[in-house]
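Below is one structure, written out as structure tokens; comments come after it.
Only the coordinates and a few stated rules stand behind these numbers; no lab work does. It should be emphasised that the depicted structure is a prediction, and the values quoted were computed from it without experimental measurement. Ideal geometry is used to build each Cβ from the backbone, glycine not excepted, and the neighbour counts take in all protein chains shown.
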Amino acid sequence: MNQALFTYLVRLGDNCLILSQRLAEWCGHGPALEEDIALTNVALDLLGHARLWLSYAAEVEGSGRDEDQLAYLRDAGEFQNVLLVEQPNGDFGVTMARQFYFDLWYSLLLRELRTSRDERIAAIAEKAAKEVDYHLQRSTDWVIRLGDGTPESHERMQRALDDLWMYTGELFQMDAPDTELRDRGTGPNLEHLREPWLQHVTKTLSEATLSVPGETWMQRGGKQGVHTENLGYILAEMQFLQRAYPGAQW
């Protein structure tokens, strides 16, 4: 098994899977019917991406597992998503701040992965990038709308951006699997995504009359399987049926 490639694909899949689960929690609870549907559609897009990444990961592993088993039969310590995507939804401003940070990073990453030497990765990235560009446009618009809205929406949006800032550093963290795939031409140098990411954040927050959060200690560990307690609650709900009735089929 190509361990570095397997790890890389699992991380991509886990990011999309866990954020999809978080967004699905809004179903039936959105602030307006249109937003309820939009959030659900974004969740479904990300779930589709998760299936593509995890299906490929299962093939690379070659042990007989499929994407369903990777999603439903791994414990929290085996998940390698970044900490940002497992953070609670909070209010609508918190959800949009989290989405904005992730959408921007994911969009930049997919642009690079479209030229990957791994043809399967490049094909998935090509398909996913079109959807993520829409996600980014939507979350960017909401950050501006809430930031440049009422005094209360402005204050809540700023607080959400500040509170989640500590989880953004991990997006650009390079470790052994990232470095190995970079050297092969399979994946980009994540550190090189930081500057364009920050430029877009700065431009958007300026338009929204918001401030870029200040320097803070950046949390990390999700990519190595060290998570906040939030992931455990997500998995308890997401995996319950498969754990309670192993192998059950509709």
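Quick notes on this one:
- Modelled FRET efficiency - R0 45 Å, A248 with E152, Cβ distances, 0.05 increments: 0.45
- Full-extension gain in nm, D91 to E207, via 0.36 nm per residue minus C-alpha separation: 39.6 nm
- Checking every one of the trypsin sites (Lys or Arg not before Pro) in region 80-178 against DSSP loop status and a limit of 12 other Cβ atoms within 10 Å picks out R117.
- For region 180-239, the dipole from Cβ point charges (+1 on Lys and Arg, -1 on Asp and Glu) about the Cα centre works out to 140 debye, to the nearest 20.
- When each of F100, F240, F172 is scored by the number of other beta-carbon atoms lying within 10 Å, the sequence from fewest to most is F240, F172, F100.
- Cα gyration tensor shape for region 114-250, rounded if a/c is under 1.5, else prolate or oblate: oblate
- Dipole size of the chain about its Cα centre, with +1 on Lys/Arg Cβ and -1 on Asp/Glu Cβ: approximately 360 debye, rounded to the nearest 20.
- With R₀ set to 30 Å, the beta-carbon distance separating E195 from N230 gives a calculated FRET efficiency near 0.55.
- Computed per residue of the chain from DSSP H runs no shorter than four, each worth -39500 (n - 2.57), the mean residue ellipticity at 222 nm is -21000 deg cm²/dmol.
- Here the 3J(HN,Hα) profile of region 140-150, calculated from phi with Karplus coefficients 6.51, -1.76 and 1.60 at θ = phi - 60°, is 4, 4, 6, 4, 5, 5, 6, x, 9, x, 7 Hz, Gly and Pro shown as x.
- When the P(r) is computed for region 40-157, the part past 22 Å accounts for 44% of the Cα-Cα pairs.
- Least to most buried among C16, C27 (fewest other Cβ within 10 Å first): C27, C16
- Between region 100-114 and region 132-204, the Cα center-to-center distance that results, in Å: 9 Å
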